[in-house]
1. Put +1 on the Cβ of each Lys and Arg and -1 on the Cβ of each Asp and Glu in the stretch A:258-297; which of A:Gly290, A:Leu258, A:Pro276 then has its Cα farthest toward the positive end of the dipole?
2. In the structure displayed, which of A:Lys8/A:Lys270; A:Lys9/A:Lys40; B:Lys51/B:Lys284 lie more than 24 Å apart, Cα to Cα?
3. When the helix-only estimate is applied to the protein assembly as shown (DSSP H runs of n ≥ 4, each -39,500 (n - 2.57), divided by the residue count), what is the mean residue ellipticity at 222 nm, nearest 500 deg cm²/dmol?
4. Give the order of B:His138, B:His203 when sorted by the count of other beta carbons within 10 angstrom, beginning with the fewest.
5. Take each of the peptides A:17-28, A:270-281, B:79-90, average the number of other beta-carbon atoms within 10 Å over its residues, and list them starting from the highest.
6. Per q in 0.07, 0.10, 0.13, 0.16 Å⁻¹, report the Debye log10 I(q)/I(0) for the stretch A:8-319, using one uniform scatterer on each alpha carbon and no solvent.
7. Would you tell me the mean number of C-beta atoms belonging to other protein chains that fall within 10 Å of each C-beta in B:7-14, as a whole number?
8. Give me a single rounded figure for A:226-232: the average over its residues of other chain Cβ atoms within 10 Å of their Cβ.
Number of protein chains: 2
Amino acid sequence: MFFEGSEKKVQIIVNEKKLSLLTGIADAFWHGFVNSSGAKILSTIESNHCKAFLLSESSLFIWPHKLILITCGTTQLIKAIEFFIHEFSLQPIEQILYQRKNEYFSYAQPSCFSQDIKVLREYVSGAAYRFGAVDSHHNYLFHQENGYKANINDKSYEIVAYHISHSASRLLTHGKLTANEIRTLFQINELFPNFTIDDHVFHPFGYSLNGIKNENYFTIHITPQAESSYISVSANFDLIALLPRLIAILDPTTIDILTSNELNFEEKVKGNLPPPFVCTSLVKETLSIGDEILFSSYSQKTKQCSEAISLATNNEIQSL
Amino acid sequence: MFFEGSEKKVQIIVNEKKLSLLTGIADAFWHGFVNSSGAKILSTIESNHCKAFLLSESSLFIWPHKLILITCGTTQLIKAIEFFIHEFSLQPIEQILYQRKNEYFSYAQPSCFSQDIKVLREYVSGAAYRFGAVDSHHNYLFHQENGYKANINDKSYEIVAYHISHSASRLLTHGKLTANEIRTLFQINELFPNFTIDDHVFHPFGYSLNGIKNENYFTIHITPQAESSYISVSANFDLIALLPRLIAILDPTTIDILTSNELNFEEKVKGNLPPPFVCTSLVKETLSIGDEILFSSYSQKTKQCSEAISLATNNEIQSL
């Protein structure tokens, strides 16, 4: 069964004096917020500083002044943004930052980025960018333009692994792995010590994990199906040193990395990407709100596609 | 203005004793055939062996036993195949071979390949393949399975250049180039001597050319817009030696090549692709009907995308 792992993401920053997202809003609202996008809340964990919801399609994180909603599949995250604005008006909102990755099968999506932005622009004005060529891996980004200045100490890291090895795909799709076994495979306890973890194994395939510690979060989403494998790891702290382990576990053909405000990216990546990976895209832009965004993509030349895929037995043709 | 240059193509082979496509069918039928896909016939040339129609979206070529229809934009070539079957039944048809390239904006297409194949399979059974990874350049192919055996002396060559240089794009979009100037730019007379040529400059941008000589044809389609440039050259004779000139004129970031029954492809390409181009895909498959299909893709690492594209002033956002 085909599943679109590629994610849409929104970060909404509010004026905490006008609205505290963490203490001022009942969970019922967050259920409605997530439902409006087409996803569902499965479970919740919290620290003193934030709350993390594990969703049927990805994750929601809430701090007093900020939320991050990530959804995948054919969800319409844009509808959750509208839901938020309809509930609280634009008044407490300081900044909306909306991102969307290229999809495996954009044809199957209920909207494209340009249509999403048209909806957003009915509420707020802003700037939109594409990082990367339209016919290769790329990220779209929209940010509100309203005089807001970002705190460049707020960093974010998103790593996506595409086309993982057959053995990793087989292991992750055999249907009997427990959450604990997947945690062990990804060495979660060693790599993320002292995090509170909430995870879920989906049937027939798929795995999601939220981890929080104080103000920090990380999240892992696994779509392991061989033909459309997509494994994302995101956090608000540096993940670049994780690359060698991720590559050892997954042996992906391509890795995309999107960072914001990581100023030593190129240097750090150099020491953490083994030689078969060559850079195929490196796009940098300092947004007018101050965030420095960097998108890069790396492929293993030696793992390039060399077999024609028969679609008679391939699910792509059944699901699309 | 954004335009989807990526093409769909069908080759229909008939039993000439049951139906001669060249002498047995009035032009009125071909107008209806092309119209059914959403394109229009603009002009016609003919040789003793074939007829070539230049279309509002690409080209149609007809021989006594074979037709090749190529359409681009948001046309639905699949509807022309249905139109043909409704008119003549399956009886004279020996083989239907349908191809579709990855689009720049598949979201804007009225159907995806899988949906097209679902339609085709209402009439004929066959095998479908994808050549290349779904998240990079790829070609879809469907062929009928009915005991037909291809003549492996029937070769085909398709070269596509993506993301041409700014100067080539500027030259081809300045709006005042004549067909003659474009022929000179591409050295048509030197490269294709003694061909009968039919070409058309589109407004505001774009250029199509059909050339025929005896049984041979070639066709060029140019979508020069900087953000979605796409230039295709196809023929039923060897085009590989053309690569150095094409690259010198266009300096594209990526070149895709799809051949059928060219058995020395790798050796020939090696001598004709200058070093900045590295192979990113090479997929080979011998179809059950006997055709050997090879799809390959090459990129210039040094020309990789490094700038974020602002969509505020970019037409992608207006057209999608």
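Values quoted throughout were computed directly from the atomic coordinates according to the rules given, and no laboratory measurement underlies them. Keep in mind that this is a model prediction, so the values were computed, not measured. Neighbour counts run over all protein chains shown; Cβ positions are idealised from the backbone, glycine included.
1. In the stretch A:258-297, that residue is A:Pro276.
2. Working: A:Lys8/A:Lys270 28 Å; A:Lys9/A:Lys40 16 Å; B:Lys51/B:Lys284 31 Å.
Violating the 24 Å Cα-Cα cut-off are A:Lys8/A:Lys270; B:Lys51/B:Lys284.
3. Details: 18 runs with 137 residues, N = 640.
Counting only the DSSP helices, I get -5500 deg cm²/dmol.
4. Details: B:His138 23, B:His203 6.
Placing the least packed residue first, the sequence is B:His203, B:His138.
5. Details: A:17-28: 13.3, A:270-281: 15.0, B:79-90: 17.6.
For the peptides A:17-28, A:270-281, B:79-90, the packing ranking is B:79-90, A:270-281, A:17-28.
6. With no solvent term, the Cα-only Debye profile gives -0.26, -0.55, -0.97, -1.55.
7. Details: counts 0, 0, 0, 0, 0, 0, 0, 0.
Average per residue, whole number: 0.
8. Details: counts 0, 3, 3, 0, 1, 0, 0.
What the average comes to for A:226-232 is 1.
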